[in-house]
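Peer 1: Encoded as structure tokens, here's the structure I'll be asking about.
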Amino acid sequence: MIFAFPLLGGTAAYFSFRDHEHRASAALSEAVAVGEENTAKILDTHVLVAERIDDLLENRTDAEISADESALHEQIARQIAGLPQVAAAWVIGADAREQVSARVFPVDREIDQSQREDFRALQDPGTRTYIRALRARRLDGGDYHAFFTVSLRRRSADDHFRGIIVVAVSGTYVGSFYNSLLAGSSQYTASVIREDGTVLGTYPPRPTAAPAALEQDALAAAIAEKSAIGSIETGSVLDPRGRLISYARLADYPVYVAIMRSRAAVFHEWLRSIAGYVVVCVPASIALILLTLVALRRARREQLALAQARDAVTERAEAEARLHQAQKLEAVGLITAGIAHDFNNMLTVISGNILLLQGKIEQLSGLPQKYLTAAIAGCERANELTKRLLGFTYQEPVDPRPVDINQIIGEVLDLPWQSNGKITTAFHLSKPIWPTYVDPDQLANALLNLTLNARDAMPDGGRLTIETANRRVDKGAMPRGLALVAGDYVTVAVGDTGIGIPEAIRGRVFDPFFTSKEPGKGTGLGLAQVEGFVARSGGACEIESEPDCGTVFRLYLPRYVGEAAGREKAIPKYDVAAK
């Protein structure tokens, strides 16, 4: 009976320690999950930066890149500005010579880089990206720092090798994340490891000139077996090299994240947690209850710390999503598609008026000059497209001036569907109408986009209504969902009696590339351009729609109160009756 108490105490202590160790292992697994997600986002960001640089280079040859090195150096530097995780970015041509860099100008083209492992690996057409470990001095000198690079294969239209784009990942940035995740504790070590066992980065960082080597044989064996996720125990609590290890492989990259903790540190932490109860000989049952409470409290703290780390990752993901959206809006593809979309609208005006001229020239001799004039005006607006590219790039109107909205409507909305017998058009134009300060060509294009969408929403015919009005917007009566400054606005509303917009997609209609039309019938850019033009002009867009009851798009444009505001303008006379 005397020996029963030590045996019971030893058994309880053993299971208590194992429970403590299991919880420590579970916490490691959760930390690895957070680290894996963050590391994947870092690599995604670097691949995206490399792809943006590839888009910037387009199809230029090595000679063309070298000739334009100064401008490209500045453009690439702007690409990585504001991204602390990007340490550097540069381009190596097919001749293994550096062509342009974001950090160095001019580059040294005398160095042969054909023996770089990423340069050799990416010559294989089947390899698109390559991740490489690197330890180098910073450009401003000093100690060696850990980096790893994400390299992207450049290829021609016929898939020939044209060199590589290299983006360096800051080891300091990665280390700061793991320092935050692990609360700066010296009990933990973290590693980012390539699938072949090469260590890309470590926490805490190692001040050596050569890349770090993987020291844990058990972890190396698990990676060699291509295990996707797992936990490992090595050594014992008495072995200084005994470790608890959790690891996970990134879903889209041949990279592992591993976090380790000393088993001896876990044991000492456990000893500290029960030493007081042993010293005072608290009965085993009370000690077990109190130990459980202490463990629960510690678990809650760990969960809170992990929740805070997850929140930080979420905030970073949202910031990166905003960055992706901004880069998407700046993409050359968006500008090119916008040009095609706008030219299609202009050609609709030209071809429609010419067809009307051909059909009516014999019966109505007074109409030919009107249709020819409209066709010529359409051509002139098409010539203004190159100016609108500047406005789309710098987010500001190209040629703003005081304009009369009624006059613009009279010039652009005499469209060919008015005579096809299916769609009737009614104008409700306020007279007099306040002037507004906008680019008239962009306003005309916005009206065309809205009326063409209205036409497409009424395949079986209907009624198109265009209405203008002067409106005072007060703080207490702000239209719902609109971010407007209180003041005077000119509104133009384009309404139809078509199929309407379902509520599920109503909030996405202004997103670039989003369209509900069939493939080939819409680029998803028309309403994005309308919203961009109105926002750049200081206004906002409002949608009123119900399925099968039609849609009204209402544009709010600020009233112009400059010198032109006091002048009377000749306002065309439009009847309210339907045409």
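The values are calculated or read from the model by the stated rules, or taken from the named source; none is laboratory data. If you're wondering where the values come from, they're calculated on a predicted model, not measured in any experiment. Methodologically, a virtual Cβ is constructed for each residue, glycine included, from the backbone with ideal geometry; neighbour enumeration extends over all protein chains shown.
Peer 1: Restricting to the stretch 114-168, and then to whatever is modelled with pLDDT under 85 and hydrophobic (A, V, I, L, M, F, W, C), can you tell me which residue is nearest to Leu48 (Cα to Cα)?
Peer 2: Phe148
Peer 1: Can you pull out the residues in the stretch 440-457 that are small (Gly, Ala, Ser) and within 27 Å of the chain's Cα centre (by Cα)?
Peer 2: Ala446
Peer 1: Does Ser186 fit the bill of being on the phi < 0 side of the Ramachandran plot and either at pLDDT 80 or above or touching a helix residue (DSSP H, G or I) at 6+ places or on another chain (Cβ under 8 Å) (or both)?
Peer 2: For Ser186, the condition - on the phi < 0 side of the Ramachandran plot and either at pLDDT 80 or above or touching a helix residue (DSSP H, G or I) at 6+ places or on another chain (Cβ under 8 Å) (or both) - is not met.
Peer 1: Checking Val282 against (1) at pLDDT below 80; (2) among the aliphatic types (A, V, I, L, M); (3) assigned to a helix (DSSP H, G or I), which test does it fail?
Peer 2: Val282 satisfies all of (1) at pLDDT below 80; (2) among the aliphatic types (A, V, I, L, M); (3) assigned to a helix (DSSP H, G or I) except (3).
Peer 1: Now for a separate question. How many residues are in contact with a Lys or Arg (Cβ under 9 Å, 6 or more places away or on another chain) and buried (at least 19 other Cβ atoms within 10 Å of the Cβ) if we restrict to the stretch 480-500?
Peer 2: Summing the residues that are in contact with a Lys or Arg (Cβ under 9 Å, 6 or more places away or on another chain) and buried (at least 19 other Cβ atoms within 10 Å of the Cβ) in the stretch 480-500 gives 9.
Peer 1: Something else now. Considering only the stretch 221-252, state which residues are in a helix (DSSP H, G or I), small (Gly, Ala, Ser) and either under 24 Å from Val47 (Cα atoms) or more than 35 Å from the chain's Cα centre (by Cα) (or both).
Peer 2: Selection gives Ala221 alone.
Peer 1: Also, quick follow-up: Within the group Pro479, Pro512, which residue is part of a loop (DSSP other than H, G, I, E, B) and in contact with a helix residue (DSSP H, G or I) (Cβ under 6 Å, 6 or more places away or on another chain)?
Peer 2: Result: Pro512 is the single residue among Pro479, Pro512 that is part of a loop (DSSP other than H, G, I, E, B) and in contact with a helix residue (DSSP H, G or I) (Cβ under 6 Å, 6 or more places away or on another chain).
Peer 1: Count, please, the residues in the stretch 37-55 that happen to be under 21 Å from Arg109 (Cβ atoms) and surrounded by fewer than 18 Cβ atoms within 10 Å (Cβ to Cβ).
Peer 2: 1
Peer 1: Modelled with pLDDT of 85 or more and closer than 18 Å to Val438 by Cβ - does that describe any residue in the stretch 515-529?
Peer 2: Checked against the condition, which is being modelled with pLDDT of 85 or more and closer than 18 Å to Val438 by Cβ, the stretch 515-529 yields no hits at all.
Peer 1: Please indicate, with yes or no, whether at least one residue in the stretch 470-477 is more than 17 Å from Val561 (Cα to Cα), surrounded by 13 or more Cβ atoms within 10 Å (Cβ to Cβ) and touching a strand residue (DSSP E or B) at 6+ places or on another chain (Cβ under 8 Å).
Peer 2: No, the stretch 470-477 contains no residue that is more than 17 Å from Val561 (Cα to Cα), surrounded by 13 or more Cβ atoms within 10 Å (Cβ to Cβ) and touching a strand residue (DSSP E or B) at 6+ places or on another chain (Cβ under 8 Å).
Peer 1: Right, next: Taking the stated definitions as given, is Val473 more than 16 Å from Glu544 (Cα to Cα), aliphatic (A, V, I, L, M) and at pLDDT below 90?
Peer 2: Taking the combined requirement at face value, the residue satisfies it.
Peer 1: Just to be sure before I move on: is Ile274 exposed (fewer than 15 other Cβ atoms within 10 Å of the Cβ) and at pLDDT below 75 in the structure I sent?
Peer 2: Against the criterion (exposed (fewer than 15 other Cβ atoms within 10 Å of the Cβ) and at pLDDT below 75), Ile274 does not qualify.
Peer 1: May I ask you to say which residue of Thr172, Thr208 is β-branched (Val, Ile, Thr), part of a loop (DSSP other than H, G, I, E, B), modelled with pLDDT under 80 and within 27 Å of Ser151 (Cβ to Cβ)?
Peer 2: Thr208
Peer 1: List pairs: first in the stretch 235-255 and in contact (Cβ under 8 Å) with a residue 60 or more places away in the chain and under 21 Å from Arg132 (Cβ atoms), second acidic (Asp, Glu) and part of a loop (DSSP other than H, G, I, E, B), Cβ under 7 Å, 6+ apart or cross-chain?
Peer 2: Taking only residues 6 or more apart or on different chains, the pairs are Pro254/Glu195; Val255/Glu195.
Peer 1: Is it true that Thr424 is at pLDDT 85 or above, surrounded by 15 or more Cβ atoms within 10 Å (Cβ to Cβ) and assigned to a strand (DSSP E or B)?
Peer 2: Spelling it out, Thr424 is indeed at pLDDT 85 or above, surrounded by 15 or more Cβ atoms within 10 Å (Cβ to Cβ) and assigned to a strand (DSSP E or B).
Peer 1: Here is a list: Glu110, Glu51, Glu117, Glu69. Which entry is under 21 Å from Phe147 (Cα atoms) and more than 27 Å from the chain's Cα centre (by Cα)?
Peer 2: Result: Glu117 is the single residue among Glu110, Glu51, Glu117, Glu69 that is under 21 Å from Phe147 (Cα atoms) and more than 27 Å from the chain's Cα centre (by Cα).
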